[in-house]
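We did not get these values from a lab; they are worked out from the coordinates using the rules stated. The structure presented is a predicted model; accordingly, all values stated were derived computationally and were not measured. Every residue, glycine among them, receives a Cβ derived from its backbone with ideal geometry; neighbour counts consider all protein chains shown.
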Amino acid sequence: MKQFYGKKIVVTGAASGIGRLMALAFAGRGADIIVADLNIEGAEKVAREIHAIGRQAWAYGVDVSNVDAIKAFRLQVRTDLGKIDGLVNNAGVVFGGVFEMVPLEKHLLTYQVNTTGLMAITHAFFSDLLESSDSHLVNIASASGYIGLPYGATYASSKWAVIGFSESIRLELIERGFDQVGVTTVCPGYIATGMFDGIKAPSFLPLLTAEKIVAKIMAGIENNDAFVKEPFAVKSVDILRGALSQKLWDKTAKLLGISTSMVQWKGHVR
Ligand SMILES: NC(=O)c1ccc[n+]([C@@H]2O[C@H](COP(=O)([O-])OP(=O)(O)OC[C@H]3O[C@@H](n4cnc5c(N)ncnc54)[C@H](O)[C@@H]3O)[C@@H](O)[C@H]2O)c1
């Protein structure tokens, strides 16, 4: 996106964490924000914070795991506000633990929020992005989208799917000549928002602050970067993994603390 002033941007999961900070960062650059979250009180609070800095904001309670709710949300936004110019797919959940000890419903919900919900909301608003003269789609994936994550198998795989989806859509837009629609896939390591409380960050992947990753995301959108990978080591994970034999990679992942990082997870479950 080349300029933000007066643009209408939907941010999902914007009631807290990096979603809230991205909503405020867009508003700080002159955009008006559709603050969408399961947590309507939190969304209303963020909308008030945005009003306080002089931009428009509208809070919507929406459950992105529910396709009917997404369709209703899309219709409501069209009726209330017209077309949008930006969509940030940020809502996400994680349920860590020993695979078979985590209830199946939680594994399924992880895919419904992080993957199928993200795809469905993109589908719902895609025509707006195509019609805007300068639009952007941001998909929040994760560094775990490049690796196996013991005790977080469905979370990691939900993000592998987001990376594949987001990169495919980006290339499809280029093939179709929609150069004005930017797509940025965001792959952060662990961030200090509470979602991953209890984890032990691998030594080469220091815990990110929410402020730092949001600053990198905003710069990535402004540069129309295909990927934002942070901290720095995330940029080389897939190269390293491809270069090493499977056995050596398994040992490296353990040695670096990737394979055990989720053992003590006790992050919040919203
Ligand atoms: N925290 C990390 O270490 C980390 C690392 C990499 C990627 N991410 C990703 O960043 C994104 C934001 O996470 P965060 O760290 O800010 O956590 P967070 O828990 O503060 O934010 C997630 C937001 O999503 C909302 N949400 C959850 N389920 C929803 C649903 N069904 N419908 C609508 N909204 C829903 C929550 O209410 C919350 O406001 C997520 O996609 C997460 O997977 C986080």
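The C-alpha atoms of the chain define a longest principal axis, and helix 117-131 lies at about 40 degrees to it.
Secondary-structure-derived ellipticity at 222 nm for the chain, considering helices only, amounts to -14000 deg cm²/dmol, per-run term -39500 (n - 2.57) for DSSP H runs with n ≥ 4. Plugging the Kirkwood radius over Cα pairs into Stokes-Einstein for the chain, at a temperature of 37 °C and a viscosity of 0.692 mPa s, what D comes out in µm²/s? Rounded to a whole number, D works out at 175 µm²/s.
Once both labels are positioned 7 Å from their Cα atoms along Cα-to-Cβ, the gap between Asp179 and Ala243 label points is 3.5 nm.
In percent, rounded to a whole number, the relative contact order of the stretch 31-143 is 26, using alpha-carbon pairs under 8 Å and six or more apart. The angle between the Cα long axis of helix 40-52 and the longest principal axis of the Cα atoms of the chain comes to about 60 degrees, rounded to the nearest 10.
Relative contact order of the chain: 18 percent, from C-alpha pairs under 8 Å at least 6 residues apart in sequence.
Ranked by the mean number of other Cβ atoms within 10 Å of their residues, highest first, the peptides 3-9, 81-87 come out as 81-87, 3-9. Compared with the dominant principal axis of the Cα atoms in the chain, helix 67-81 is inclined by about 40°.
For the stretch 58-65, the Karplus equation 6.51 cos²θ - 1.76 cosθ + 1.60, evaluated at θ = phi - 60°, returns couplings of 10, 9, 10, x, 9, 9, 6, 7 Hz by residue, with Gly and Pro reported as x.
Label sites at Thr252 and Leu104, each approximated as a point 7 angstrom past Cα along Cα to Cβ, lie 3.7 nm apart.
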